[in-house]
Amino acid sequence: MAEVQKPIVVMKRYEMKYILTAEQTAYFKEAVKGHMEIDKFGLTSIASLYYDTPNYRLIRTSIEKPKFKEKIRLRSYGIATDTSPVFLELKRKAYGIVYKRRVQSTIPLVNKFFDGEGDICAGGQINSEITYFRDYYKNLAPACLIIYDRIAYFQPDGDLRLTIDHNPRYRAEQLNLTHSMEGISLLPEGSTILEVKVQQAMPLWLSAILAEGKMYKGSFSKYGAAYKMQMEKIINY
């Protein structure tokens, strides 16, 4: 379980996604050696519990690809308990730039927060933003659990960060962070999701690696893909 140095985090960056085959993933991991380093946690299983309205307003809006969209999720690293740290994240995207507000908490406190009991942290701007989000959308409840196994890379003395998500999967039942890390696959076996996260421009060496590997930027939302798969199941039932 990763320890967090600061319980409240604000992030602003560009995020670009690439869907890779198993062969492209192997090539990329080899090609970035010497440029990037794997963080100290290595391969980490991450679960993100997405909250939505009863009519799935947030994800339906997101799928329409507007200029501005927002989501809220509760994240754990590995299976959580009532006393282990979890992280409530408000994620917004406007004109290609991702803004994230992140607060460390526990499952019981988060449950109370979504029941309308009190704040999520001790005041301040971030507390105001997350509380306003909850009160604006109303009746937010767990809607989808997204799970994946992530390897994160960082650039020494730089702001570039890369992540590779293996076996992205979802659950539409047992919507909690304490049950298991099992789920239904979102991609073909062996495929991964590469995310490039940078505050400035992408370095030329990385652009060259992506071009050589025939890796092309795309649009992929794990929650969005899960929602579509679940709707297809309901329609075909």
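The values are calculated or read from the model by the stated rules, or taken from the named source; none is laboratory data. Just so it is clear, the structure is predicted and the values come from calculations on it, not from any experiment. Virtual Cβ from ideal backbone geometry, glycine too; neighbours counted across all protein chains shown.
Brief remarks follow.
- Test: Asp149 is under 21 Å from Leu194 (Cα atoms), at pLDDT 95 or above and touching a Phe, Trp or Tyr at 6+ places or on another chain (Cβ under 6 Å): no
- Identity of the residue in the range 107-119, farther than 11 Å from Tyr51 by Cα and in contact (Cβ under 8 Å) with a residue 24 or more places away in the chain, that ends up surrounded by the fewest Cβ atoms within 10 Å (Cβ to Cβ): Pro108
- In the set (1) within 22 Å of His166 (Cβ to Cβ); (2) over 15 Å from the mean Cα position of the chain (by Cα), the condition left unmet by Gly34 is number (1).
- From the list Met229, Met215, the one residue that fits, being touching a residue at least 12 places away in the same chain (Cβ under 8 Å) and over 16 Å from Leu20 (Cβ atoms), is Met229.
- The set of residues in the range 120-156 that are surrounded by fewer than 16 Cβ atoms within 10 Å (Cβ to Cβ) and touching a helix residue (DSSP H, G or I) at 6+ places or on another chain (Cβ under 8 Å) comprises Tyr137, Ala141.
- When the range 73-96 is limited to residues that are without any contact (Cβ under 8 Å) to a residue 60 or more places away in the chain and surrounded by fewer than 15 Cβ atoms within 10 Å (Cβ to Cβ), the one that is farthest from Asn176 (Cα to Cα) turns out to be Tyr95.
- Residue satisfying condition, being among the aromatic types (Phe, Trp, Tyr) and farther than 26 Å from Thr178 by Cβ, within set Tyr99, Tyr50, Tyr137: Tyr99
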